[in-house]
Amino acid sequence: MNDPALELLVGILVACLFVSAFFSGAETGLMSLNRYRLKHLRKRNRGARLALKLLDRPDRLLGLLLIGNNAVNILASALGTVIAIRLFGDAGIAIATAVLTVLILVFSEITPKTLGALHPERIAFPAAYVLNALMRVLGPAVWLMSSISNGLLRLVGVDTQRRPEDALSSEELRTIVNESGPMIPPRHKRMLLNILDLEQVTVDDIMVPRQEVYGLDLDDDDSVLLSRLQGSPYSRVAVYREDISNISGVLHLRTLGQFLHPDGGIDREAIQRAADEPYYVPEGTALNLQLLNFQKLRRRFGIVVDEYGSVLGLVTLEDILGEIVGEFTSGLDNESSEIATEADGSYLIDAGASIRDINRTLQWELPIDGPRTLNGLMLEHLQTIPEANVGLRVGNYELEIVQLRGRMISRARARQHTEPD
């Protein structure tokens, strides 16, 4: 090829293909950007700020990209046709059509768009500088094309001013956390998921039932009261008379010395004066709401009551925080574990244990939409007060009564079967 004019045309054609590739890659890169990561990066990356500015008006951005892309593609087609006719005569039109179709598709469309989809930030951020400059130059043409396009959309009932919301639902946020991979440590991931679960869990699910509430009955003898005061594993205890339903206050044991007489007696009036007013929590209150209530009222201890005002149990701030970060332990000797592993692979479980705690500890899926304790679950399925050593099957789990205490199941043996029932 010794024709200088022809060489110039080929050079311009190649440049058009590269410019077309730039617009194609920039379009895919910008549209593939993660909007939440983009908002995070804009604080320290000017390319991210420029990209976000372009994406704030997608109609104008697309107008600019399509004007530029179509202009260079049309110019490339015209140049290719002229070059082919000069080289091959009338047959050059067909040759130019075939060759340019392959060149534009491979080098100016598929390849740059694939690169933009795989590495959006590396493509979009540098391109944002060029596109913002072009937007100032081609602003009137872009405005005209966008106005015509928006007018046509309004004719068919599309509101061009309405933008899709970037807000995430809790389920979408849960998916993002689950898909975060190694970017978030597993323990932190569990904590985030536990926080999202707070709105689905109520105080009924984590409360200490009234039968297990550790409190002080002011009608007890001094020796009994002193024993319970000195042996309490908790820093706060409920104060009541005769029955746990008659709670009159919540006592912080840091004030223990104020109501002990030198002769070993106990000043019940001093206990009553030192106790805080009880704070009542309606049953069914979601944990996320109760956590805010504890914070707002500066409380750490609540009495859960039903619609008739009867005491169902108690819930503490530590219980809710334990749902997020895991169970707390204290410096006192801990009671024996509610779940013990047997030699045959089964588990010996305190039947008063929460089903949610069992599921979380053993990674099981016992049903949680009914009774909240293993005792309640077994009694619901048996529909009678059983004898010891009675067994039953709940889904994939085999449960066997080991010990009874009155009308309640005290301990049970459980194992999981890999095959469904």
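The values are calculated or read from the model by the stated rules, or taken from the named source; none is laboratory data. Please read these numbers as outputs of a predicted model, since none were measured by experiment. Positions of Cβ are backbone-derived with ideal geometry, glycine not excepted, and every protein chain shown enters the neighbour counts. Surface areas here come from the heavy atoms of the whole protein model, side chains and all, with no ligands, DNA or RNA. Shrake-Rupley method; radii C 1.70, N 1.55, O 1.52, S 1.80 Å.
Residues of the stretch 335-350 that are closer than 17 Å to Q211 by Cβ and at pLDDT below 85: E335, E338. With the structure loaded, tell me whether R356 is in contact (Cβ under 8 Å) with a residue 12 or more places away in the chain and open to solvent by 20 Å² or more (accessible area, probe 1.4 Å) or whether it fails that test. For R356, the condition - in contact (Cβ under 8 Å) with a residue 12 or more places away in the chain and open to solvent by 20 Å² or more (accessible area, probe 1.4 Å) - is met. Going through (1) open to solvent by less than 40 Å² (accessible area, probe 1.4 Å); (2) closer than 15 Å to F23 by Cβ one by one, L105 falls short only on (1). Being modelled with pLDDT of 90 or more and over 30 Å from D3 (Cβ atoms) is the requirement here; does L65 meet it? Yes. Open to solvent by 40 Å² or more (accessible area, probe 1.4 Å) and hydrophobic (A, V, I, L, M, F, W, C), is that true of A84? In short, no.
Answer with yes or no whether S227 is free of Cβ contacts under 8 Å to residues at least 60 places away in the same chain, assigned to a loop (DSSP other than H, G, I, E, B) and out of contact with any strand residue (DSSP E or B) (no Cβ under 6 Å at 6 or more places or on another chain). Answer is no for this residue.
Does at least one position in the stretch 164-171 carry a residue that is part of a helix (DSSP H, G or I) and either small (G, A, S) or in contact (Cβ under 8 Å) with a residue 24 or more places away in the chain (or both)?
To start, the set of residues in the stretch 164-171 that are part of a helix (DSSP H, G or I) comprises 170-171.
Restricting the remaining residues to those that are either small (G, A, S) or in contact (Cβ under 8 Å) with a residue 24 or more places away in the chain (or both) gives 170.
The answer is yes; a qualifying residue exists.
Please work out if K43 is open to solvent by 90 Å² or more (accessible area, probe 1.4 Å), out of contact with any Cys (no Cβ under 6 Å at 6 or more places or on another chain) and in a helix (DSSP H, G or I). No, not satisfied. Within the stretch 263-295, the set of residues being assigned to a helix (DSSP H, G or I) and surrounded by 15 or more Cβ atoms within 10 Å (Cβ to Cβ) comprises R268, I271, Q272, A274, L287, N288, Q290, L291, F294. The helices (runs of 4 or more DSSP H) falling completely within the stretch 69-147 that include 3 or more residues that are more than 27 Å from R42 (Cα to Cα) map to 92-103. For L6, the conditions (1) open to solvent by 20 Å² or more (accessible area, probe 1.4 Å); (2) at pLDDT below 85 are fulfilled apart from (1). Annotation note: of E212, E171, E179, the sole residue that is closer than 30 Å to S248 by Cα and open to solvent by 40 Å² or more (accessible area, probe 1.4 Å) is E212.
In the stretch 40-62, of all residues being in contact with a Phe, Trp or Tyr (Cβ under 9 Å, 6 or more places away or on another chain) and over 25 Å from T114 (Cβ atoms), the one that is modelled with the lowest pLDDT corresponds to R60.
Of all residue pairs spaced 6 or more apart or on separate chains, those with beta-carbon atoms under 8 Å, a first member in the stretch 78-90 that is in contact (Cβ under 8 Å) with a residue 60 or more places away in the chain and a second member that is open to solvent by 70 Å² or more (accessible area, probe 1.4 Å) are G80/V99. Considering only residues in the stretch 362-391 that are over 34 Å from the mean Cα position of the chain (by Cα) and under 20 Å from A340 (Cα atoms), the one that is modelled with the lowest pLDDT turns out to be A388. Hey, L9 hits all of (1) assigned to a helix (DSSP H, G or I); (2) within 24 Å of E172 (Cβ to Cβ) but one; which does it fall short on? Here L9 meets the rest and fails (2).
For the stretch 352-405, taking the residues that are hydrophobic (A, V, I, L, M, F, W, C) and part of a helix (DSSP H, G or I), the one that is nearest to T202 (Cα to Cα) is identified as I355. Which residues, taken from the stretch 248-262, are within 43 Å of the chain's Cα centre (by Cα), at pLDDT below 85 and in a strand (DSSP E or B)? Listed by number, the list holds a single entry, H252.
State yes or no: is S245 outside any helix (DSSP H, G or I) and surrounded by fewer than 17 Cβ atoms within 10 Å (Cβ to Cβ)?
Working: outside any helix (DSSP H, G or I): yes; surrounded by fewer than 17 Cβ atoms within 10 Å (Cβ to Cβ): yes.
Against the criterion (outside any helix (DSSP H, G or I) and surrounded by fewer than 17 Cβ atoms within 10 Å (Cβ to Cβ)), S245 qualifies.
Within the stretch 367-384, the set of residues being among the hydrophobic types (A, V, I, L, M, F, W, C) and within 16 Å of R411 (Cβ to Cβ) comprises L374, L377, M378, L379, L382.
Assess whether A141 counts as being within 30 Å of K53 (Cβ to Cβ), under 39 Å from the mean Cα position of the chain (by Cα) and open to solvent by less than 60 Å² (accessible area, probe 1.4 Å). Walk me through it before giving the result.
Numbers: within 30 Å of K53 (Cβ to Cβ): yes; under 39 Å from the mean Cα position of the chain (by Cα): no; open to solvent by less than 60 Å² (accessible area, probe 1.4 Å): yes.
It is false that A141 is within 30 Å of K53 (Cβ to Cβ), under 39 Å from the mean Cα position of the chain (by Cα) and open to solvent by less than 60 Å² (accessible area, probe 1.4 Å).
More than 30 Å from N150 (Cβ to Cβ), in contact with a helix residue (DSSP H, G or I) (Cβ under 8 Å, 6 or more places away or on another chain) and aromatic (F, W, Y): does that describe F22? Talk me through it step by step, then tell me what you get.
Values: more than 30 Å from N150 (Cβ to Cβ): no; in contact with a helix residue (DSSP H, G or I) (Cβ under 8 Å, 6 or more places away or on another chain): yes; aromatic (F, W, Y): yes.
Taking the combined requirement at face value, the residue does not satisfy it.
Listed by first and then second residue, the pairs with beta-carbon distance under 7 Å, at least 6 apart or on different chains, first residue in the stretch 14-39 and part of a loop (DSSP other than H, G, I, E, B) and modelled with pLDDT under 90, second surrounded by fewer than 21 Cβ atoms within 10 Å (Cβ to Cβ) and not small (G, A, S), are L33/E121.
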